[in-house]
Amino acid sequence: MNRLRTILFQLLFFGISVPMVLLAPLAALIGTRALQRYGNLWIALLRWSMRHVAGIETRIEGTIPPGPVLFAAKHQSIFEPLELARLLDAPAVVMKKELTRIPVWGWCARRYGVIAVDRKASAKALRGMMREAQAALAGGRSVMIFPEGTRVAPGEAPRLQSGFAGLYRMLGLPVVPVAVQSGHVWPRNGPMRPGVVTMRFGEPIPPGLPRPEIEARVHAGINVFETAGPPEA
């Protein structure tokens, strides 16, 4: 049954995403805000499919503060980038630069206002990243980063990537850690399963803390579920 759900969802996912991505440049030509609204429509359609086909629900714990702030989230599946973009009203997402080279999608992502990170971390790359982040803040948007750098399986808690502390220092924003339980319903490999994804928004952490302290507090905040055992059904 789970494999059937997964196949049906994948058909809907690509059936919705391909035409919407191909048409996205038309929205981008109107303006950034129009593209953001178009992106929200795409996410809303995918969210409907996740709920009614895959059987995935969302449970929010904690309070989502008004922005702009720096959201630092756990990353276990494709679910949370989509759901957080919806919940946080189109934040500027920090993503690896390679993704912005995807034809059509990459150009639209740039117009949407993502913050592209060059893993070589040269001085020029860091200055470019800061310009993009400052542009997002000037527009009243929050910034979202997955500080562990990539998707990890439930129970794993790798060290934060070095770029997080630099971004925290340069932006001077409060940080809100976001713990996520999504890998059990949308694993990296294997079929999707119906269930509840819990997202826990922690208390804002003030700017200006030393690097060891901010990294330790964010790491603890995004990994509160990792030692708590399997999520409830």
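The table below gives the values:
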read-out: Karplus (6.51, -1.76, 1.60) ³J(HN,Hα), θ = phi - 60°, over the range 45-61, in Hz, Gly and Pro reported as x; value: 5, 5, 5, 4, 5, 4, 6, 8, 9, 7, x, 9, 10, 10, 10, 9, 10
read-out: Fluctuation leader among Arg86, Arg193, Arg217 - the chain, Gaussian network, Cα springs under 10 angstrom; value: Arg217
read-out: Listed residue (Ile43, Thr32, Gly183) projecting farthest to the positive dipole end of the chain, Cβ model; value: Thr32
read-out: Protection proxy ranking of 218-225, 166-173, 7-14 - average other beta-carbon atoms within 10 Å, highest first; value: 218-225, 166-173, 7-14
read-out: The range 59-139: Cα Rg divided by the 2.2 N^0.38 Å rule of thumb; value: 1.16
read-out: Candidates Glu215, Glu98, Glu80: whichever shows maximal mean-square fluctuation once the chain is modelled as a Gaussian network with Cα springs under 10 Å; value: Glu98
read-out: Cβ-based charge dipole, the chain, positive-most Cα from Leu173, Thr6, Gly106; value: Gly106
read-out: Inter-label distance, nm, simple model (7 Å from Cα along the C-beta direction), Trp107/Ile60; value: 3.5
read-out: Two-site FRET efficiency, Leu4 against Arg51, from Cβ-Cβ distance with R₀ of 22 Å, rounded to 0.05; value: 0.85
read-out: Estimated distance in nm for a label pair at Ile78 and Met170, the labels positioned 7 Å out from Cα along Cα-to-Cβ; value: 3.0
read-out: Placed amide H near Gly195: partners under 5 Å, 5+ positions off or other chain; value: Ile56, Glu57
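All of the numbers you see were taken from the coordinates with simple rules; none came from a lab. For clarity, every value in this text was computed on a predicted model and none was experimentally measured. Note that we place each Cβ from the backbone using ideal geometry, even for glycine, and neighbour counts take in every protein chain shown.
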